[in-house]
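One structure below.
The values are calculated or read from the model by the stated rules, or taken from the named source; none is laboratory data. From a predicted model like this one, the values you see are computed outputs, not experimental measurements. Glycine also receives a Cβ, built like all others from the backbone with ideal geometry; neighbour counts cover every protein chain displayed.
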């Protein structure tokens with residue numbers, strides 16, 4: 001694919017999502033070029049991000065359901081043993097970081113960790129393989145790493161944020177939630193300053209949560225794309241070490257997102273002064 005493109009075009013092509021939306025003339029369809037993408041308005045969907053994230057979510061559910069259905073009480077198989085270790089790891093993380101009572105937190109943490117891990121692992125796929133087959137099928141663009149799309153990462157972070165707000169109001173009451181935003185940390189005499197300070201801190205949580213994941217995975221993807229532009233004899237010497245190092249980033253970013261979710265849910269369940 002890269003033979004017919006300049007370096008800038010090759011990079012731009014790999015960073016472009018497969019977009020479907022409404023064109024200025026009113027018809028709906030796939031964007032066939034970067035110019036088409038720019039014409040699409042607000043109602044545009046990144047089909048590749050949506051499809052890959054859903055497929056990986058289904059893979060997660062199917063894999064865990066299969067292991068649960070075939071679980072044995074004796075010595076577990078390799079896959080069952082790996083999943084049990086993973087579940088115990090997440091459960092311990094929740095027990096260490098969450099001190100309230102909510103049966104949703106542990107399944108939420110497990111879902112976030114495994115789902116993000118699977119999406120991140122797509123970054124370890126060879127850069128040109130899936131886009132090549134997509135091109136053969138008539139699709140102009142194909143990004144296979146959903147977490148390199150800010151729409152996906154911000155969507156997940158906003159969901160966590162809304163859950164945090166919901167449980168904050170449920171546990172503390174609307175008055176308690178508003179009181180935390182207006183009376184902390186300097187009391188009622190500096191209420192406007194408290195509101196500004198706490199409000200900025202509150203809004204920063206989902207933004208930093210989503211952009212941290214997006215930024216790290218986008219940078220990793222960009223480096224893989226740039227390595228793919230090198231001569232073949234140089235690609236193996238750089239792509240393999242970078243892929244090994246990137247495995248740490250893939251796992252670490254999933255872990256950080258999970259842990260921050262646990263921390264935010266714990267904050268939502270903490271009563272003021274406790």
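In table form, for the structure just shown:
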item	result
Criterion violated by residue 65 - all others in (1) closer than 26 Å to residue 246 by Cα; (2) without any contact (Cβ under 8 Å) to a residue 24 or more places away in the chain satisfied	(1)
Conditions (1) in a helix (DSSP H, G or I); (2) under 29 Å from residue 111 (Cβ atoms); (3) in contact (Cβ under 8 Å) with a residue 60 or more places away in the chain: number failed by residue 179	(2)
Where residue 183 falls short, out of the listed (1) farther than 26 Å from residue 156 by Cα; (2) surrounded by fewer than 16 Cβ atoms within 10 Å (Cβ to Cβ); (3) in contact with a helix residue (DSSP H, G or I) (Cβ under 7 Å, 6 or more places away or on another chain)	(2)
Search result, residues across the stretch 145-158 that are in a loop (DSSP other than H, G, I, E, B) and more than 17 Å from residue 11 (Cα to Cα)	none
Qualifying residue in the stretch 125-144 (condition: touching a helix residue (DSSP H, G or I) at 6+ places or on another chain (Cβ under 7 Å), in a helix (DSSP H, G or I), touching a residue at least 24 places away in the same chain (Cβ under 8 Å) and under 23 Å from residue 210 (Cβ atoms))	no
When residues of the stretch 11-50 are limited to those that are over 25 Å from the mean Cα position of the chain (by Cα) and assigned to a helix (DSSP H, G or I), the one farthest from residue 130 (Cα to Cα)	39
Residues of the stretch 156-176 classified as surrounded by fewer than 17 Cβ atoms within 10 Å (Cβ to Cβ) and closer than 30 Å to residue 115 by Cβ, total	8
Check on residue 271, at pLDDT below 85, surrounded by fewer than 17 Cβ atoms within 10 Å (Cβ to Cβ) and in a helix (DSSP H, G or I)	no
Residue ID - surrounded by the fewest Cβ atoms within 10 Å (Cβ to Cβ), chosen from residues in the stretch 33-50 that are in contact (Cβ under 8 Å) with a residue 24 or more places away in the chain and over 13 Å from residue 142 (Cβ atoms)	33
Tally, over the stretch 74-90, of residues that are part of a loop (DSSP other than H, G, I, E, B) and surrounded by fewer than 13 Cβ atoms within 10 Å (Cβ to Cβ)	2
Answer from 8, 71 - the residue that is loosely packed, with under 14 Cβ neighbours inside 10 Å, farther than 25 Å from residue 258 by Cα and touching a helix residue (DSSP H, G or I) at 6+ places or on another chain (Cβ under 8 Å)	71
Some residue of the stretch 51-65 being surrounded by 14 or more Cβ atoms within 10 Å (Cβ to Cβ), in contact with a helix residue (DSSP H, G or I) (Cβ under 7 Å, 6 or more places away or on another chain) and not in a helix (DSSP H, G or I)	no
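A quick yes/no check of all residues on (1) out of contact with any helix residue (DSSP H, G or I) (no Cβ under 9 Å at 6 or more places or on another chain); (2) buried (at least 17 other Cβ atoms within 10 Å of the Cβ); (3) in a helix (DSSP H, G or I):
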position	(1), (2), (3)
191	no, no, yes
199	no, no, yes
209	no, yes, yes
214	no, yes, yes
222	no, no, yes
240	yes, no, yes
251	no, no, yes
263	no, no, yes
